[in-house]
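Trainee: Please read through the structure below; I'll follow up with questions.
Read the figures in this text as sums done on the coordinates, not as results from a lab. Computed from a prediction, not measured in an experiment: that's the story for all the values here. With ideal geometry, Cβ positions are generated from the backbone for all residues, glycine too; neighbour counts draw on all protein chains shown.
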Amino acid sequence: MCGIVGFTGREDKTLLNRMANSILHRGPDDEGYYFDGLINLGMRRLSIVDLEFGKQPISNEDKSVWMIFNGEIYNHHELRRNLEKRGHRFRTHHSDTEVIVHLYEEYDDTWPTYVNGMFGVALWDTRKKMLLLYRDRIGKKPLYYALKDSQIIFASEIKAILEHPAVSRDLDYRALYHYFGLKNISAPHTAFADIKQVLPGHILVWQDGRVEMRPYWKLDFSRPFTDITEQEASEHLLELFQDAVKIRMQCDVPFGAYLSGGVDSSSVVAVMRTQQTRRVKTFCLGYEDKLGRQFLGKAQDIFYARNISKSFGTEHHEYLIDANQFAEKMPEVLSAFDEPFSGAVSTFFLSILIKRHVKVALSGDGADELYGSYLAHRLAFPIENYLRLKSIGKKEFQHLDKEDRHSIYPFDSPEQFLFLKSVASRDLSEWREKLSVFSHLERGQLFNVGFLHACGYPEIEDTYRELVPQLTARDSLNKNLEIDQRELLPNQVLPFVDRLSMTHSIEVRVPYLDYRIIEFTNRLPGTLKIRNGVNKYIHKKTMEKLLPRDLLQRPKEGFVQPIFSWMHGPLKGWVERNLDNLPKEFFDIGYVKDLKSRFQSGDKTLDAKIWNLVCFGLWHQNYRAKRP
C-alpha cells in the first residue's frame, strides 16, 4: 500500500519529492524515485507485503518497464507461479508489485483482468515512451491526473497534484454544483478545473502528448439468473465470501477488523475467526454526549459489538468520542478529502484507535450497495407497486386493502404512504433526484447569480438523468443498486474508507467488493435482495450459519456519526458560526439566512442541508487558506 506521484517531461527531483512528501501519510515507511528525462515517478510506501524486498519503483528484467503501485494484489502467489512457468524471473521474494510488471509483459494492457485486488498503478513503457494509468474495477483506490501543455501529472491524492506549479487551483463550478445534491464530487470530475479522476475499471494511456481512457471492466446487471434457487445462491455466496476474506488476510504485518455490531462487519469477523488460531483483533467506535454519557442513538453498536466479540473470542478495542472532539477534528477530516464532502466520516476516528494496534483492517463496506439497504433501495419495489395501484384508481391510503398495503411495506402507514406518494414517479431519475440533499430547484435558490451562471444552471444535467440511460439492470431494485455502484460507492463510500484510513496510515481491505462477489450478486434478481421488507435478504440467509439470530434481525444503524442530534444540542453554536462563515461569492445570502433561522427554531427536516453547507464552508476555509 502506497501513495504514488509522477509527471512526464524534464527531470525535476525537487518537485517530485515535494509531491511525494505531501502524501507522506499514505506511505511513512519508505520512498522511491525513478527519472529518465521523459518520466518522473515517485512513491511513498506503507510496507504490508514482502517488507524487505518489495520496494518501488520496480522494473522488469531488462528495465524496459517501470511501475509504481498503490494497493494490493490478493492472488499474487498464484499469478507468480504461473508467470514463472512461462519463463519470467523475479527478483523479490513475494512482492505483489513485481507480479504486475511481468503480467504486463505477458498480457500487455489487459493484465488487470487477471488480478484480484485494489490498485492505482502507473506503468512506464520505455520502448513505446508510453505511460499507462490503471484503477481497480470498482474504484477502491484513488488515482487523479491533470493535463497541461501535452504533459500529464498524476497522483493518489489531489493535494500532491496541486504541488505542481503548472496546475491551477481554479474551481470546477459544475462539479461543486453536484456536491450540494450528492454530498460528494463525482468522477471523472474533481473540485478543481484542472484535475480529473481515472474512472474505476479504466486504463488511461498517455503517449506523445495524447490521452485516451478506456474501460477494461464494466458493471453488468444484464445477464440475470433465471432459475437459481435461494439455497444455491446463498451457498455460492458463502463460498465466494469465505475465500474473499481469506485472501485478504494475507499480509506480513498485524491486521484486524472493524466490528460495528452490524451484520456486515460481524460476517467478516466470523469468517476471519475460522481462518486463524490466534484471536482476531476487532475495533468499534462509540459516542458520548457532552456529559460523558454513552450516546443513546448509537448505543446498540457498542452493545452488539461486545456481544459478537464475546461470542467469537476477539481481542476487542473501543474508541469513544464526544461532540466537541468531533467538531475539533472536522477541518482535518475535510483536508483529507481535498474536496467538499458531507458523507459519513466515522472511519477517521476509528482509524486513530486502529493505528495503535495494527496496520491493516478488514471492513464490511460494500454490502449495502450489493444487497440493498438504503432508502432508495427500500423505495424501489414499493414505488413500482404504488404506481400499479394508482393506475387502477387506488391513489389514497384509505383505498388500500391489506394485500395492497403489504405490497408497499415498509411504507404502509399513513405517514409513510404520504412520503411514498410524494416521491413516486415512473421516471427513475426524477424520483432519485427528489432524494438529493438540495434538489435541482433548491440549488437554483441556494446559489447567487454569479455561481449559477458559472455552473450553467438551469441547463446543467442532473447526475441521475445522465446515469439512468446507461443502466443494464432490469428490475427496479437492481436499477437502483446499479446507480449506487456507479455513483455512490466509488464517489462517496470508498473515498471515506480510503482517505480517512490512509490519513492515519491504515490500509482497509473490503471483502464484499471482491469482483467475483460483485459479478455474481449483480446477476441475482432484486427479489432475493429485499424480500417482504427485509433488507439484504439473501446476504442474511447466507450468514445464518455464522451469526446469532438476534443480530440478523437487528435494524440497520449504519456506520455514521450522530451529527444530526449534536447539531441541535452541544454543536448548535458551532454550526451557526460556520453558517455565518460561508463564502459570500457562492450563495444567496438571504436564502442561507432563512435556512439558518429555520434551523435555529428547531426544524430538523433541514439537518442534511445544514450539514452539507457546514462541511462545504469548512472545506472552503482550508482551500482559501492554501490558495496563493
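Trainee: Just to be sure I understand: of the beta bridges DSSP finds with both ends in the chain, what percent are antiparallel, rounded to 5?
Mentor: 75
Trainee: Tell me which residues come under 5 Å, amide H to amide H, from Ile152 once H is placed; ignore anything under 5 positions away on its chain.
Mentor: Thr8
Trainee: Region 365-398: which trypsin sites (Lys or Arg not before Pro) are DSSP loop and have at most 15 other beta-carbon atoms within 10 angstrom?
Mentor: Working: sites: Arg378, Arg388, Lys390, Lys394, Lys395; in loops: Lys394, Lys395.
Listed in order of number, the matching sites are Lys394, Lys395.
Trainee: To continue, here is another question. Under 5 Å between amide H atoms, partner at least 5 residues away or on a different chain: which partners does Gly32 have, H built in plane at 1.01 Å?
Mentor: Placed amide hydrogens put Met43 under 5 Å from Gly32.
Trainee: How far apart, in nm, are two points set 7 Å out from the Cα along the Cα-to-Cβ line at Arg549 and at Ile589?
Mentor: Placing both labels 7 Å beyond Cα along the Cβ direction yields 6.3 nm.
Trainee: If one computes the Cα centroid of region 528-553 and of region 407-452, what distance in Å separates the two points?
Mentor: Value for the Cα centre distance between the two parts: 29 Å.
Trainee: May I pose another question? Count the net charge of all other residues whose Cβ sits under 15 Å from the Cβ of Ser436, scoring Lys and Arg as +1 and Asp and Glu as -1. The partial results should precede the final answer.
Mentor: Working: positive: Lys183, Arg432, Lys434, Arg443, Arg465, Lys609; negative: Asp427, Glu430, Glu433, Glu442, Glu461, Asp462, Glu466, Asp484, Glu487, Asp607.
After counting each charged neighbour, the total is -4.
Trainee: With point charges of +1 on the Cβ of Lys and Arg and -1 on the Cβ of Asp and Glu, referenced to the Cα centre of region 376-486, which listed residue (Asn480, Gln470, Phe417) lies farthest in the positive direction of the dipole?
Mentor: Most positive-ward Cα: Phe417.
Trainee: Each label point is 7 Å from the Cα along the Cα-to-Cβ direction; what then is the distance between the points at Met130 and Asp220, in nm?
Mentor: About 2.4 nm separates the two model spin labels.
Trainee: As an exercise, identify the trypsin sites (Lys or Arg not before Pro) in region 111-162 lying in DSSP coil whose Cβ has no more than 10 other Cβ atoms within 10 Å.
Mentor: Working: sites: Arg127, Lys128, Lys129, Arg135, Arg137, Lys140, Lys148, Lys159; in loops: Arg127, Lys128, Lys129, Arg137, Lys140.
Sparse-neighbourhood loop trypsin sites (Lys or Arg not before Pro): Arg127.
Trainee: If the reach is capped at under 24 angstrom between alpha carbons, list the lysines near Lys246, excluding any in the same chain fewer than eight residues apart.
Mentor: Within the straight-line limit of under 24 Å, Lys246 reaches these lysines: Lys140, Lys141, Lys281, Lys310, Lys355, Lys359, Lys536, Lys540, Lys541, Lys545.
Trainee: In addition: When we measure straight from the Cα of Lys129, which lysines land under 17 angstrom away, once same-chain ones fewer than 8 places off are left out?
Mentor: Within the straight-line cut-off, Lys129 pairs with Lys63.
Trainee: Please identify every one of the GluC sites (Glu not before Pro) in region 310-410 that sits in a loop by DSSP and has no more than 13 other beta carbons within 10 Å of its own beta carbon. Could the numbers behind the result be given before it?
Mentor: Working: sites: Glu315, Glu318, Glu328, Glu332, Glu369, Glu384, Glu396, Glu403; in loops: Glu396.
Those that pass, being in a loop and sparsely packed, are Glu396.
Trainee: Give the cross-link partners of Lys593 among the lysines, using a straight C-alpha distance below 29 Å as the criterion and excluding same-chain residues fewer than 8 apart.
Mentor: Lys183, Lys290, Lys329, Lys434, Lys572, Lys584, Lys604, Lys609, Lys626
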